[in-house]
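A short write-up of the structure that comes next.
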Amino acid sequence: MTEDELEQAFYRRIENEEKIEPKDWMPEGYRQNLIRQISQHAHSEVIGMQPEGNWITRAPSLRRKAILLAKVQDEGGHGLYLYSTAETLGISRAEMIEALQSCKAKYASIFNYPAQTWADVGAIGWLVDGAAIVNQVSLQRTSYGPYSRSMIRICKEESFHQRQGYELMLTLCRGTEEQKAMAQDALNRFYWPALMMFGPHDSESAHSAKSMQWKIKRESNDDLRQKFIDQTVPQIEFLGLEHPDKDIRWNEERGHYDHGEIDWDEFYRVISGNGPCNRQRIQHHIRVHEEGAWVRDAMSAYQQKKRQRAQAA
Amino acid sequence: MIKEHLDLYEVFIRGKRGLDHKHVGSLHAEDPEQALEYARDIYTRRGEGVSIWVVRSRDITASQEDDSEAFYDPSNDKPYRLATYYRLPDEVNNM
Ligand SMILES: [Fe+2]
Ligand SMILES: [Fe+2]
């Protein structure tokens with residue numbers, strides 16, 4: 001087949017809602033766009049372990065500690081699924097890690113905010129994982145087969161993350177005045193950054209149009225954000241907390257909540273490297289990566305020894 | 001060459017684009033290319049798939065079901081990994 005015919009076959013598949021699989025011909029732009037999005041997604045899972053991991057040793061009970069440990073472990077697994085998925089497109093894990101550590105690759109800017117109190121662990125599970133789920137449910141229908149399959153797997157595992165976070169918030173809200181105030185404070189700090197997770201407005205989003213055309217993305221940033229805003233209102237009400245958005249109002253005509261504007265200056269400040277924890281996150285990743293080098297070296301030395309013994313025998 | 005001594009291959013078929021490859025069976029072949037052709041002849045006579053993988057059986061490392069108790073033990077007592085472990089009131093139970 002000629003390049004033209006291959007391209008036509010590719011677009012026919014996209015048109016017919018068929019998945020693209022690793023060995024298929026695909027336009028270079030499609031491949032690069034996927035590598036960018038999937039590796040960014042993988043980095044987010046891994047960097048996202050840091051703010052919550054910070055609380056594992058200080059969880060208030062053994063039950064909470066076990067839950068948090070299990071959740072953070074899940075996120076590490078999600079990172080692995082996604083790095084492997086990106087590798088089907090011809091990029092190596094080492095290249096992706098290098099791009100992350102040299103700040104060429106991005107990750108979800110929400111993880112540049114610190115988890116300052118125990119209530120933040122609840123707010124992160126409820127809001128940050130909640131927003132991630134809205135996005136990932138939509139991505140189950142992405143056009144690239146391996147990405148779609150990893151999203152299906154991740155969504156199954158993700159369901160407990162949001163529930164444990166909300167349960168934690170509910171416990172605090174039914175506790176003392178102080179505990180409830182702590183929950184309110186966590187909500188206030190994480191609500192807006194959670195909305196930013198869906199990315200800039202569709203009109204401002206550099207990659208959106210092409211991604212939608214290729215069906216890598218299936219719903220626009222603003223539509224997904226609206227979904228999250230709508231589902232979160234009754235959840236805040238049920239906790240008996242105050243909504244951080246003073247402009248939130250049900251719009252009968254639209255069948256959605258109207259809402260206040262996001263502070264986009266903050267969004268661009270954090271995404272371009274100047275959030276509260278950007279440097280710390282990358283430094284931590286590099287440090288742990290380097291400190292773990294001896295384990296990788298020891299494993300490969302052991303493999304070599306085993307191979308030599310097998311040859312000698 | 002004695003036929004019985006040919007390598008055993010495991011065959012995996014993707015039924016439809018978007019689905020995982022599923023194990024369907026095994027066969028003997030001289031080499032991977034031949035295994036692929038045999039697999040086509042044996043396992044996809046009725047359009048069962050759009051893609052075939054063949055893997056030399058001896059290249060597969062498998063866990064043993066007999067050992068499963070010890071092997072899976074670390075996760076058996078962690079019900080908090082399931083969404084159903086968290087009981088939420090009906091009003092907010094849809095998450
Ligand atoms: Fe995750
Ligand atoms: Fe999660």
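A short reminder: the numbers here are calculations on the coordinates, not readings from a lab. Predicted model, so just to flag it, every value in this text is computed and none were measured. Because the Cβ atoms are built from the backbone with ideal geometry, glycine has one as well, and the counts that use them run over all protein chains shown.
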Item to complete: Pop out the ³J(HN,Hα) list for the range A:38-44 in order, Karplus 6.51 cos²θ - 1.76 cosθ + 1.60 with θ = phi - 60°, rounded to Hz; leave Gly and Pro as x.
Response: 6, 5, 4, 5, 4, 4, 4
Worksheet item: Taking H as built 1.01 Å from N, whose amide H comes closer than 5 Å to the amide H of B:Lys22, not counting residues under 5 places away?
Response: B:Ile13, B:Arg14, B:Gly15
Worksheet item: Based on the Cβ-Cβ distance of A:Ile286 and A:Arg31, what FRET efficiency does E = 1/(1 + (r/R0)^6) give at R0 = 30 Å, to the nearest 0.05?
Response: 0.60
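When you look at the Cβ of every residue in B:78-91, what mean number of other chain Cβ atoms sits within 10 Å?
Values: counts 5, 0, 10, 9, 4, 9, 3, 5, 11, 2, 6, 2, 0, 4.
Mean number of neighbouring Cβ atoms from other chains: 5.
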Worksheet item: From the cross-link list A:Lys19/A:Lys106; A:Lys227/B:Lys78; A:Lys23/A:Lys215, which pairs have alpha carbons spaced over 21 Å apart?
Response: A:Lys19/A:Lys106; A:Lys227/B:Lys78
Worksheet item: Over the Cα atoms of the protein assembly as shown, what is the Rg over Rh ratio if Rh follows Kirkwood?
Response: 1.01
Discussion item. What do you get for trypsin sites (Lys or Arg not before Pro) in the range A:171-275 restricted to DSSP loop and a cutoff of at most 13 other Cβ within 10 Å of the site's Cβ?
Written reply: A:Arg174, A:Lys246, A:Arg254
Fill in: Under the Karplus curve 6.51 cos²θ - 1.76 cosθ + 1.60, θ = phi - 60°, whole-Hz ³J(HN,Hα) for the range A:275-281, x wherever Gly or Pro sits
x, x, 10, 3, 5, 4, 4
Worksheet item: What nm distance separates the two modelled labels at A:Lys306 and B:Arg81, each placed 7 Å from Cα along Cα→Cβ?
Response: 2.4 nm
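Under a Cβ-only charge scheme (Lys and Arg +1, Asp and Glu -1), can you give me the dipole magnitude of the range B:7-63 about the Cα centre, in debye to the nearest 20?
Numbers: 9 positive and 10 negative charges, 88 e Å.
That gives the range B:7-63 a dipole magnitude of about 420 debye.
Inside 10 Å of the C-beta atoms of B:13-24, what's the mean count of C-beta atoms belonging to other chains?
Values: counts 0, 3, 0, 2, 9, 12, 4, 4, 0, 0, 0, 0.
That average works out to 3.
Dividing the alpha-carbon radius of gyration of the range A:81-136 by 2.2 N^0.38 Å (N being the number of residues), what value is obtained? Mind dumping the intermediate values first?
On the way: Rg = 14.5 Å, N = 56, 2.2 N^0.38 = 10.2 Å.
Computed over Cα atoms of the range A:81-136, the ratio equals 1.43.
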Discussion item. Using only the Cα atoms of the range A:192-262, what semi-axes does the equivalent ellipsoid have when each is the square root of 5 times a gyration tensor eigenvalue? Give whole Å, largest first.
Written reply: 26, 12, 11
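Per-residue mean of other chain beta-carbon atoms within 10 angstrom of the beta-carbon, peptide A:139-150? The partial results should precede the final answer.
Numbers: counts 0, 0, 1, 0, 1, 1, 5, 2, 0, 1, 3, 0.
Partner Cβ neighbours, averaged per residue: 1.
Just to check, using Stokes-Einstein with a Kirkwood Rh over alpha carbon pairs, what's the diffusion coefficient of the range B:7-63 at 37 °C and 0.692 mPa s in µm²/s?
Details: Rh = 11.4 Å.
Taking Rh from Cα pairs, D becomes 289 µm²/s.
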Discussion item. Looking at chain A as a GNM with Cα springs under 10 Å, which of A:Gly79, A:Gly122, A:Gly240 has the largest mean-square fluctuation?
Written reply: A:Gly240
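Which whole-number percent gives the relative contact order of chain A, counting Cα pairs below 8 Å spaced six or more residues apart?
Details: 330 pairs, mean separation 57.2, N = 313.
Value for chain A: 18 percent.
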